[in-house]
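The values are calculated or read from the model by the stated rules, or taken from the named source; none is laboratory data. It should be emphasised that the depicted structure is a prediction, and the values quoted were computed from it without experimental measurement. Using ideal geometry, Cβ is built from the backbone for each residue, glycine included, and neighbour counts are taken over all protein chains shown. Surface accessibility is based on the protein's heavy atoms, side chains included, excluding ligands, DNA and RNA. Shrake-Rupley method; radii C 1.70, N 1.55, O 1.52, S 1.80 Å.
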Amino acid sequence: MTNIEQSPPASLLKRIMAILYDLLLLIAIFFVVGIVLSSLTTFIVNDGNAITEEHPFYISNQIIILVALVCTSIFFYGWFWIHGGQTLGMKTWRIRLLSNDNQPLSWKQVLQRYFCALLSWGILGLGFLWSLIDGEKRCWHDIASSSRLIQLDKN
């Protein structure tokens, strides 16, 4: 087993593959959360009838669901990053997230990483492409959250 300090950084390709793998699981979780919230708001606000665009609660309902999905994804990534440094996709591709001091991330770092990663994607993926020119293969969210992704050995 390689010393964590000597582990090489994860490549951009492996990062993207882990993200895609995790996205499949996250979409399934989004379906469950969306169904539960939509059902609850439909029955609570509109006696079981669909909340259409004409309903006065429509925009509020959409905002509630969107906020719930964002909170769900923050909790999904945060839980895994804090408890072991690996999501299911990261385990599959043998990469691990560590703080720069080789410790698990804090919730503050999780939030910094999460929102900076959204920005990294939102600007045409430039935050991810940055890893191709950074000497340590760091993306913007790695730098902002004082964290790094390492490649683990095959066991």
(request) Check the straight Cα-Cα distances from Lys154 and name the lysines below 27 Å, setting aside those fewer than 8 residues away within the same chain. (result) Lys14, Lys91, Lys137
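Keeping the other protein chains in place, figure out the carbon and sulfur percent of the accessible area of the chain, with a 1.4 Å probe.
Of all accessible area on the chain, carbon and sulfur atoms account for 68 percent.
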(message) Show me the chymotrypsin sites (Phe, Trp or Tyr not before Pro) within segment 7-49 that DSSP assigns to loop and that have at most 11 other Cβ atoms within 10 Å of their Cβ.
(response) none
(request) Go through [x] 19.8; [y] 17.1; [z] 20.5 and flag the label whose value is the computed Kirkwood radius over Cα pairs in Å for this structure. (result) [y]
(request) Work out from phi, with θ = phi - 60° and the Karplus expression 6.51 cos²θ - 1.76 cosθ + 1.60, the ³J(HN,Hα) of each residue of segment 72-88, listed in order in whole Hz, and give x for Gly and Pro. (result) 4, 5, 4, 5, 4, 5, x, 4, 5, 5, 7, 9, x, x, 9, 7, 4
(message) For a quick check, take a GNM of the chain with Cα springs below 10 Å and name the residue from Trp107, Trp121, Trp79 with the largest mean-square fluctuation.
(response) Trp121
(request) Before anything else, pin down the relative contact order of segment 17-155: Cα pairs under 8 Å, at least 6 apart, normalised by residue count, whole percent. (result) 22
(request) Order the peptides 54-60, 84-90 from the highest to the lowest mean number of other Cβ atoms within 10 Å of their residues. (result) 84-90, 54-60
(request) Specify the angular offset, from 0 to 90 degrees and rounded to the nearest 10, of the alpha carbon long axis of helix 12-46 from the longest principal axis of the alpha carbons in the chain. (result) 20
(message) Check which residues have an amide H placed less than 5 Å from Ser147's amide H, if you skip close sequence neighbours.
(response) Asn100
(request) At a 1.4 Å probe radius, which order do Asp153, Asp142 fall into by accessible area, largest first? (result) Asp153, Asp142
(message) With angles folded into 0 to 90 degrees, how steeply does helix 107-122 sit against the dominant principal axis of the chain? Use alpha carbons for both and round to 10.
(response) 80
(request) Taking H placed 1.01 Å from N in the peptide plane, check which residues at least 5 places from Ile95 or on another chain put their amide H under 5 Å from its amide H. (result) Leu152
(request) For the chain, report the accessible area per residue in Å² (1.4 Å probe, heavy atoms, rounded to an integer). (result) 60
(request) Could you work out which residue, out of Ile29, Ile51, Ile16, moves most in a Gaussian network model of the chain, that is, has the largest mean-square fluctuation with Cα springs under 10 Å? (result) Ile51
